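The values are calculated or read from the model by the stated rules, or taken from the named source; none is laboratory data. Quantities reported herein were computed from a predicted structural model and do not represent experimental measurements. Heads up, the Cβs are rebuilt from the backbone with ideal geometry, glycines too, and the neighbour counts pull from every protein chain shown. With ligands, DNA and RNA removed, areas are computed over all heavy atoms of the protein, side chains included. Shrake-Rupley method; radii C 1.70, N 1.55, O 1.52, S 1.80 Å.
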Amino acid sequence: MRILSVNIGRPRPNPWKDDPGFTAIDKRPVSGPVAVTAPGPKGDGSVGLAGDRVGDVQHHGGTYQAVYAYSREDYDHFEVLLGRELRAGVFGENLTVEGHDLSEARIGERWRGADGLVLEVTAARTPCNTFRGWMDARGWLKTFTREARPGAYLSVVEPGAVEQGGELEVVDRPDHDVTVAMFFKAAMGERELIPRVLEAPSLAPAEAAFLRSRA
(Lines give C-alpha, C1' and ligand atoms only; values in the text may rest on other atoms or scores of the structure.)
Protein backbone atom coordinates (compact mmCIF):
# COMPACT_ATOMS: atom_id res chain seq x y z
CA MET A 1 0.00 0.00 0.00
CA ARG A 2 1.13 3.56 -0.63
CA ILE A 3 1.27 6.32 1.98
CA LEU A 4 -0.56 9.32 0.59
CA SER A 5 -0.15 11.51 3.67
CA VAL A 6 1.53 11.49 7.09
CA ASN A 7 -0.53 13.48 9.59
CA ILE A 8 0.15 14.75 13.11
CA GLY A 9 -1.77 16.90 15.57
CA ARG A 10 -1.40 18.84 18.79
CA PRO A 11 -3.93 18.82 21.64
CA ARG A 12 -6.27 21.78 21.86
CA PRO A 13 -9.35 22.46 24.02
CA ASN A 14 -12.17 20.05 23.26
CA PRO A 15 -15.55 21.81 22.88
CA TRP A 16 -17.45 18.51 22.63
CA LYS A 17 -16.78 17.34 26.18
CA ASP A 18 -18.65 18.37 29.31
CA ASP A 19 -15.53 18.16 31.44
CA PRO A 20 -12.48 20.27 30.55
CA GLY A 21 -10.38 18.27 28.15
CA PHE A 22 -8.30 18.28 25.01
CA THR A 23 -8.43 16.72 21.57
CA ALA A 24 -5.88 16.23 18.79
CA ILE A 25 -8.34 14.89 16.24
CA ASP A 26 -7.41 17.69 13.81
CA LYS A 27 -4.33 16.09 12.29
CA ARG A 28 -2.56 17.82 9.41
CA PRO A 29 -0.18 16.53 6.71
CA VAL A 30 3.54 17.03 7.25
CA SER A 31 6.45 16.67 4.85
CA GLY A 32 9.67 14.74 5.19
CA PRO A 33 10.37 11.47 7.00
CA VAL A 34 8.71 11.10 10.42
CA ALA A 35 10.23 8.77 13.00
CA VAL A 36 7.96 6.03 14.37
CA THR A 37 8.69 4.38 17.72
CA ALA A 38 6.75 2.42 20.34
CA PRO A 39 5.28 4.99 22.76
CA GLY A 40 4.84 2.78 25.84
CA PRO A 41 1.64 2.36 27.86
CA LYS A 42 -1.38 4.60 27.50
CA GLY A 43 -1.71 7.49 29.92
CA ASP A 44 0.50 10.44 28.98
CA GLY A 45 -0.69 11.22 25.45
CA SER A 46 2.25 9.59 23.68
CA VAL A 47 1.79 7.96 20.28
CA GLY A 48 4.05 6.40 17.67
CA LEU A 49 4.81 9.33 15.34
CA ALA A 50 7.32 11.94 16.42
CA GLY A 51 5.61 15.29 17.00
CA ASP A 52 2.13 13.81 17.37
CA ARG A 53 0.02 13.62 20.55
CA VAL A 54 -3.47 12.69 21.67
CA GLY A 55 -5.69 14.82 23.89
CA ASP A 56 -7.81 12.17 25.62
CA VAL A 57 -4.99 10.28 27.32
CA GLN A 58 -7.36 7.84 29.01
CA HIS A 59 -8.85 6.47 25.80
CA HIS A 60 -6.26 7.14 23.09
CA GLY A 61 -2.57 6.61 22.44
CA GLY A 62 -0.18 4.15 24.00
CA THR A 63 1.23 0.83 22.86
CA TYR A 64 -1.79 -0.58 21.05
CA GLN A 65 -2.98 2.68 19.51
CA ALA A 66 0.43 3.95 18.50
CA VAL A 67 -0.56 4.59 14.88
CA TYR A 68 -3.96 5.04 13.24
CA ALA A 69 -4.32 4.36 9.51
CA TYR A 70 -7.22 5.22 7.21
CA SER A 71 -7.63 4.55 3.51
CA ARG A 72 -8.34 6.95 0.69
CA GLU A 73 -10.78 4.42 -0.73
CA ASP A 74 -12.88 4.65 2.45
CA TYR A 75 -12.69 8.45 2.37
CA ASP A 76 -14.03 8.34 -1.19
CA HIS A 77 -16.95 6.24 0.03
CA PHE A 78 -17.82 8.73 2.77
CA GLU A 79 -17.42 11.71 0.45
CA VAL A 80 -20.30 10.35 -1.61
CA LEU A 81 -22.46 9.80 1.48
CA LEU A 82 -21.69 13.22 2.97
CA GLY A 83 -21.60 15.20 -0.26
CA ARG A 84 -18.37 16.96 0.65
CA GLU A 85 -14.63 16.55 0.28
CA LEU A 86 -12.66 14.90 3.08
CA ARG A 87 -9.01 15.85 3.32
CA ALA A 88 -6.28 13.57 4.61
CA GLY A 89 -6.13 13.59 8.41
CA VAL A 90 -9.70 14.80 8.99
CA PHE A 91 -10.66 11.49 10.67
CA GLY A 92 -7.67 11.90 12.98
CA GLU A 93 -5.50 9.30 11.28
CA ASN A 94 -1.70 9.36 11.20
CA LEU A 95 -1.39 7.56 7.89
CA THR A 96 -3.67 8.09 4.92
CA VAL A 97 -3.04 5.15 2.59
CA GLU A 98 -4.31 3.60 -0.62
CA GLY A 99 -4.14 0.14 -2.12
CA HIS A 100 -5.15 -2.00 0.87
CA ASP A 101 -8.63 -2.75 2.22
CA LEU A 102 -8.13 -1.84 5.87
CA SER A 103 -11.53 -3.20 6.89
CA GLU A 104 -10.36 -6.63 5.74
CA ALA A 105 -6.96 -6.34 7.44
CA ARG A 106 -6.64 -9.05 10.08
CA ILE A 107 -5.90 -8.49 13.74
CA GLY A 108 -2.20 -9.31 14.11
CA GLU A 109 -1.40 -8.54 10.46
CA ARG A 110 2.04 -6.97 10.08
CA TRP A 111 3.16 -4.21 7.72
CA ARG A 112 6.76 -3.35 6.85
CA GLY A 113 7.86 0.15 5.93
CA ALA A 114 11.04 2.17 5.58
CA ASP A 115 14.09 2.06 7.80
CA GLY A 116 13.14 -1.27 9.39
CA LEU A 117 9.64 -0.19 10.47
CA VAL A 118 7.21 -2.99 11.34
CA LEU A 119 3.63 -2.24 12.41
CA GLU A 120 1.00 -4.68 13.68
CA VAL A 121 -2.78 -4.32 13.41
CA THR A 122 -4.29 -4.38 16.92
CA ALA A 123 -7.89 -3.10 16.71
CA ALA A 124 -10.41 -0.95 14.90
CA ARG A 125 -11.20 2.65 15.71
CA THR A 126 -14.55 3.11 17.44
CA PRO A 127 -16.38 6.46 17.21
CA CYS A 128 -16.84 8.86 20.11
CA ASN A 129 -18.64 12.12 20.86
CA THR A 130 -15.56 14.14 19.90
CA PHE A 131 -15.55 12.49 16.46
CA ARG A 132 -19.28 13.23 16.10
CA GLY A 133 -18.86 16.87 17.01
CA TRP A 134 -15.78 17.30 14.87
CA MET A 135 -17.46 15.91 11.75
CA ASP A 136 -20.57 18.09 12.24
CA ALA A 137 -22.76 15.76 10.17
CA ARG A 138 -26.30 14.80 11.17
CA GLY A 139 -26.44 11.20 12.41
CA TRP A 140 -22.70 10.80 11.92
CA LEU A 141 -22.11 8.10 14.56
CA LYS A 142 -24.94 5.99 13.14
CA THR A 143 -23.60 6.46 9.62
CA PHE A 144 -20.02 5.58 10.58
CA THR A 145 -21.22 2.52 12.50
CA ARG A 146 -23.49 1.31 9.71
CA GLU A 147 -20.82 1.57 7.03
CA ALA A 148 -18.22 -0.32 9.13
CA ARG A 149 -15.17 1.31 7.55
CA PRO A 150 -13.33 2.23 10.78
CA GLY A 151 -9.66 2.23 9.86
CA ALA A 152 -6.99 0.33 11.78
CA TYR A 153 -5.00 0.93 14.94
CA LEU A 154 -1.46 -0.42 14.96
CA SER A 155 1.33 -1.06 17.44
CA VAL A 156 5.01 -0.52 16.63
CA VAL A 157 6.89 -3.82 16.56
CA GLU A 158 10.10 -2.35 15.16
CA PRO A 159 10.88 1.38 14.91
CA GLY A 160 11.45 3.10 11.61
CA ALA A 161 10.06 5.99 9.62
CA VAL A 162 7.12 6.97 7.43
CA GLU A 163 6.94 9.52 4.64
CA GLN A 164 4.45 10.71 2.04
CA GLY A 165 4.88 8.57 -1.07
CA GLY A 166 6.43 5.69 0.86
CA GLU A 167 5.25 2.11 0.72
CA LEU A 168 3.95 -0.29 3.35
CA GLU A 169 4.06 -4.01 2.56
CA VAL A 170 1.90 -6.64 4.23
CA VAL A 171 4.52 -9.17 5.35
CA ASP A 172 2.49 -11.41 7.64
CA ARG A 173 -1.23 -12.25 7.52
CA PRO A 174 -2.40 -14.46 10.41
CA ASP A 175 -4.26 -17.69 9.74
CA HIS A 176 -7.63 -16.59 11.15
CA ASP A 177 -10.60 -14.59 9.87
CA VAL A 178 -10.84 -11.88 12.55
CA THR A 179 -10.71 -8.65 10.58
CA VAL A 180 -10.77 -5.01 11.58
CA ALA A 181 -14.38 -4.83 10.36
CA MET A 182 -15.38 -7.86 12.43
CA PHE A 183 -13.82 -6.34 15.55
CA PHE A 184 -15.65 -3.09 14.86
CA LYS A 185 -19.02 -4.78 14.42
CA ALA A 186 -18.53 -6.79 17.61
CA ALA A 187 -17.59 -3.66 19.57
CA MET A 188 -20.52 -1.70 18.15
CA GLY A 189 -23.23 -4.15 19.12
CA GLU A 190 -23.07 -7.40 17.13
CA ARG A 191 -22.44 -9.45 20.25
CA GLU A 192 -22.61 -12.81 18.49
CA LEU A 193 -19.23 -11.96 16.93
CA ILE A 194 -17.47 -11.36 20.26
CA PRO A 195 -16.37 -14.97 20.95
CA ARG A 196 -14.75 -15.21 17.52
CA VAL A 197 -12.98 -11.87 17.88
CA LEU A 198 -11.64 -12.77 21.32
CA GLU A 199 -9.87 -15.79 19.81
CA ALA A 200 -7.58 -13.56 17.75
CA PRO A 201 -3.96 -13.40 18.95
CA SER A 202 -2.53 -9.88 19.21
CA LEU A 203 -5.88 -8.31 20.06
CA ALA A 204 -5.19 -5.22 22.17
CA PRO A 205 -5.75 -6.11 25.88
CA ALA A 206 -7.98 -3.12 26.66
CA GLU A 207 -10.15 -3.83 23.65
CA ALA A 208 -10.37 -7.53 24.59
CA ALA A 209 -11.46 -6.55 28.10
CA PHE A 210 -14.08 -4.22 26.65
CA LEU A 211 -15.48 -6.98 24.45
CA ARG A 212 -15.62 -9.41 27.38
CA SER A 213 -17.61 -6.84 29.33
CA ARG A 214 -20.10 -6.66 26.45
CA ALA A 215 -20.46 -10.41 25.89
* Residues located in segment 35-79, provided they are among the β-branched types (V, I, T) and either touching a residue at least 60 places away in the same chain (Cβ under 8 Å) or in contact with a Ser or Thr (Cβ under 7 Å, 6 or more places away or on another chain) (or both) -> V36, T37, T63, V67
* Qualifying residues in segment 44-82 (those that are open to solvent by 50 Å² or more (accessible area, probe 1.4 Å) and part of a loop (DSSP other than H, G, I, E, B)) - the one nearest to V162 (Cα to Cα) -> A50
* Matching residues in segment 26-38 - criterion: being in a loop (DSSP other than H, G, I, E, B) and touching a Leu at 6+ places or on another chain (Cβ under 9 Å) -> T37
* Asked: Filter segment 126-153 for residues that are in contact with a helix residue (DSSP H, G or I) (Cβ under 8 Å, 6 or more places away or on another chain) and part of a loop (DSSP other than H, G, I, E, B); which is farthest from A186 (Cα to Cα)?
  -> A137
* Asked: Do the conditions hold for L141, that is, is it open to solvent by 20 Å² or more (accessible area, probe 1.4 Å), of a type in the set (A, V, I, L, M), without any contact (Cβ under 8 Å) to a residue 40 or more places away in the chain and under 26 Å from R12 (Cα atoms)?
  -> yes
* To do: Confirm whether L193 is of a type in the set (A, V, I, L, M, F, W, C), surrounded by fewer than 17 Cβ atoms within 10 Å (Cβ to Cβ) and farther than 17 Å from T96 by Cα.
  => no
* **Pairs, first among the acidic types (D, E) in segment 21-34, second surrounded by fewer than 16 Cβ atoms within 10 Å (Cβ to Cβ), C-beta under 8 Å, six or more apart** => D26/R12
* To do: State which residue pairs qualify: first residue under 16 Å from A208 (Cα atoms) and inside segment 170-193, second residue exposed (fewer than 15 other Cβ atoms within 10 Å of the Cβ) and charged (D, E, K, R) in any location, beta carbons under 6 Å apart, and separation of 6 or more residues or different chains.
  => T179/E104
* Being within 17 Å of the chain's Cα centre (by Cα) and open to solvent by 60 Å² or more (accessible area, probe 1.4 Å), is that true of even one residue in segment 123-131? -> yes
